[in-house]
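Here is the structure we will look at.
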Amino acid sequence: QVQLVESGGGLAQSGGSLRLSCVASKIPFSVSLMAWYRQAPGKQRELVASITRGGTTNYVDSVQGRFSISRDDSKKTVYLQMNSLLPEDTAAYYCHAPQFDLWGQGTQVTVSS
């Protein structure tokens with residue numbers, strides 16, 4: 001079954017860190033653009049970060065310098081390292097493979113002040 005499975009969400013304090021992982025199956029991962037999105041209650045889903053197959057990264061301004069996206073093609077996994085977390089980072093985080101219109105089920109991140 002073609003799917004993306006996220007893990008690593010949870011509860012963190014403001015200023016803390018979490019690392020999200022997304023494992024892909026049955027897609028040509030090494031050639032895939034991969035991205036992380038998030039959606040807070042009552043808000044639209046927004047792009048947080050993306051990484052090309054060549055490793056070029058892009059971030060939304062609000063996480064620049066705090067979050068880092070990376071990938072391990074041998075493990076078909078994309079990561080989102082989140083440091084200096086803020087309460088406004090609280091959201092459900094989704095892994096996305098745009099070329100295949102594929103979404104993960106989401107993992108919740110909650111940051112307490």
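The values are calculated or read from the model by the stated rules, or taken from the named source; none is laboratory data. Quick caveat, the model's predicted, so the values are computed rather than measured. When we count neighbours, we look across all protein chains shown, and the Cβ atoms used for this are built from the backbone with ideal geometry, even at glycine. The area values use the complete protein model at the heavy-atom level, side chains included, leaving out ligands, DNA and RNA. Shrake-Rupley method; radii C 1.70, N 1.55, O 1.52, S 1.80 Å.
Proximity of backbone amide H atoms, modeled 1.01 Å from N, is registered between R71 and Y79 at under 5 Å, excluding neighbours fewer than 5 places apart on the same chain.
Computed from phi, the 3J(HN,Hα) profile of region 6-20 under the Karplus parametrisation 6.51, -1.76, 1.60 (θ = phi - 60°) reads 8, 7, x, x, x, 9, 9, 8, 4, x, x, 9, 9, 10, 9 Hz, with x in place of Gly and Pro.
Projecting the Cα atoms of Q13, Y94, F29 onto the charge dipole of the chain (Cβ charges, centred on the Cα centre) puts F29 farthest toward the positive pole. Backbone phi angles across region 41-52, fed through the Karplus curve with coefficients 6.51, -1.76 and 1.60 (θ = phi - 60°), yield HN-Hα couplings of x, x, 10, 6, 5, 10, 6, 9, 7, 9, 9, 7 Hz in residue order; Gly and Pro are listed as x.
Note that region 76-92 has calculated 3J(HN,Hα) couplings of 6, 10, 10, 10, 10, 8, 10, 10, 6, 4, 10, x, 6, 7, 4, 4, 8 Hz, one per residue in order, obtained from phi through the Karplus relation 6.51 cos²θ - 1.76 cosθ + 1.60 (θ = phi - 60°); glycine and proline are x. Of the trypsin sites (Lys or Arg not before Pro) found in region 62-96, those that fall in a DSSP loop while having at most 15 other beta-carbon atoms within 10 Å are R66. Summed over the residues of the chain and divided among them, the accessible surface reaches 51 Å² per residue at a probe radius of 1.4 Å.
Taking the 1.4 Å solvent-accessible surface of the chain as the whole, the part contributed by carbon and sulfur is 47%.
Largest accessible area first, the residues W103, W36 order themselves as W103, W36 under a 1.4 Å probe with ligands, DNA and RNA left out. Given the options G54, G16, G42, which has the most mean-square fluctuation in a GNM of the chain, springs set between C-alpha atoms less than 10 angstrom apart? Highest fluctuation of the listed residues: G42. Put a plus charge on the Cβ of each Lys and Arg, a minus charge on the Cβ of each Asp and Glu, and nothing anywhere else: the dipole of the chain about its Cα centre is then about 220 debye.
Shape analysis of region 49-113 places it in the prolate category; the axes a ≥ b ≥ c from the Cα gyration tensor give an a/c of at least 1.5, with a/b above b/c.
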